[in-house]
2 protein chains.
Amino acid sequence: MTRKAHPLEARLGYSFGKPALLKQALTHRSAGPLHNERLEFLGDAVLGLVITQRLYQQFPDIPEGDLSRLRARLVRRETLAAVARSLELGNLIKLGAGEKNTGGSRRDSILADALEAVIGALYLDGGLGVAETQVLALLGERLDRWGDTPPDTRDAKSRLQEFLQSRGHDLPVYEVVATSGKAHARQFRVSCQVQGLPDATTGEGSSRRAAEQSAASLALKALGQPA
Amino acid sequence: MTRKAHPLEARLGYSFGKPALLKQALTHRSAGPLHNERLEFLGDAVLGLVITQRLYQQFPDIPEGDLSRLRARLVRRETLAAVARSLELGNLIKLGAGEKNTGGSRRDSILADALEAVIGALYLDGGLGVAETQVLALLGERLDRWGDTPPDTRDAKSRLQEFLQSRGHDLPVYEVVATSGKAHARQFRVSCQVQGLPDATTGEGSSRRAAEQSAASLALKALGQPA
């Protein structure tokens, strides 16, 4: 007996032995009782192991803390949502009416969760080998890009400070130049003045710290450093 | 060529193809550059997947949040340290002089980390199947004890409140009856008065909340409920 392949099976190049698993992985909890939350929980652990092992092997000499930060970068919601979008997962996820009407299929959290659930379904259907192959096909480009030199995982302010110190320059000066919005939705605008740059850079964010990071990142860019 | 089995290999009933992995897993970072921190990071992910999959299968009907709380209970430091002690790992861990002199081999964190590193080493040496068999041999008794009825993972106050409401009783009344110690080491003593119990129970803790939980737990016990 043959069945029609699910569009995602074609995109992944994998045919499920138990297509019900894939169906469940693409069902948001708003759409019914057999939804994807448990598969997402499983998939998160599968993804964690696959990425951890890959980083462990790709970077044999970096300490555990750096491995941890690199992993966090790969499995964070924004990254997973971007991968889900590249698979056009949005229009395959079954949502309840409320979620559908409020644009749930474009939301990062719903996309990232569904991708993790699909990874959980692949693991249950085909074992760790299948899940690993699929995860590395989806995230491998991001990993390959790093080669054997891990990116600097420290935050922008730390990297800017180190860069300036290595050149014997003064420390950057941050200043809050504006705040707006009410207490629960405050926005900060912070300037960052750096020796060697004619103009201060300006960052915005929902906290002073976030705005400073944004300004530091722009300063690194202006100095020709990776932001 | 034969080699003498490491004592832990005998205890686990597993012989390493690459005994250097086991040696590294049992080397604390205080003892030299080839220490177990990276293996611990890997082992943590292996342990996470094995336990997640087992809970997923053992409890097919409980929501993701309960799976998550059960997993946290199994992989927390105290549990892993107890398992490490049952393997007598303490006298097998290589420590630097400082750690050795301050009783490092009895410390929960060092024991739990070394156990995770051993799990990482088993995974690299034998693959997921070997690691899974070993993890379930070490933690399976705790899992088997739960059968197909997961323990109630809610905290004592929540369970006490629900128990009383289900009987149409009043809500419990908590009262701070004493505080002692200086600001940075405050101790609270809280009483819990419950309809149907002649005497209030009394709990202590380093926060009001912790003391309330302790008092609620004692009240559940006095009511013949799992505390």
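Taken together, the values in this text are just the output of simple stated rules run on the coordinates, not laboratory data. What you see is a predicted model, and the numbers here were worked out from it, not measured in a lab. So basically every Cβ, Gly included, is an ideal-geometry build from the backbone, and we count neighbours across all protein chains shown.
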Computed over chain B: longest principal axis from alpha-carbon atoms vs helix B:77-86 long axis, angle to nearest 10 degrees, is 50 degrees
Contact order relative to length for segment B:7-145, counting C-alpha pairs under 8 Å separated by 6 or more residues, stands in percent at 37 percent
Output row for A:Gly17: copy-to-copy label distances, label 7 Å along Cα→C-beta, ascending, in nanometres, one decimal, is 2.3
Rounded to the nearest 10, the angle in degrees between the Cα long axis of helix B:108-145 and the longest principal axis of the Cα atoms of chain B comes to 40 degrees
Note: segment B:7-145, point scatterers on Cα, Debye, no solvent; log10 I/I(0) at q = 0.09, 0.10, 0.15, 0.18 Å⁻¹ equals -0.26, -0.32, -0.70, -0.97
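Using a cut-off of 15 Å between beta-carbons, work out the net charge of the residues near B:Gln187 (Lys and Arg +1, Asp and Glu -1, B:Gln187 not included). Please report the intermediate quantities before stating the final value.
On the way: positive: B:Lys182, B:Arg186, B:Arg189, B:Arg208, B:Arg209; negative: B:Glu204, B:Glu212.
So the environment of B:Gln187 carries a net charge of +3.
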Label points for B:Gln225 built 7 Å along Cα→Cβ; distances to same position in the other copies, nm, shortest first, come to 5.7
If labels are modelled 7 Å from Cα along the Cβ direction, A:Glu204 lies from its partners in the other copies at nm distances, smallest first, of 5.5
Quotient of Cα radius of gyration and Kirkwood radius for segment B:140-208, i.e. Rg/Rh, equals 1.12
Per-residue ellipticity at 222 nm attributable to helices in chain B (runs of n ≥ 4 DSSP H, -39500 (n - 2.57) apiece, nearest 500 deg cm²/dmol) works out to -18000 deg cm²/dmol
Label model pair A:Gln57, A:Thr149: point-to-point distance (7 angstrom along the Cα→beta-carbon line) in nm is 2.4 nm
Least to most buried among A:Asp152, A:Asp61, by other C-beta atoms within 10 Å and fewest first, runs A:Asp61, A:Asp152
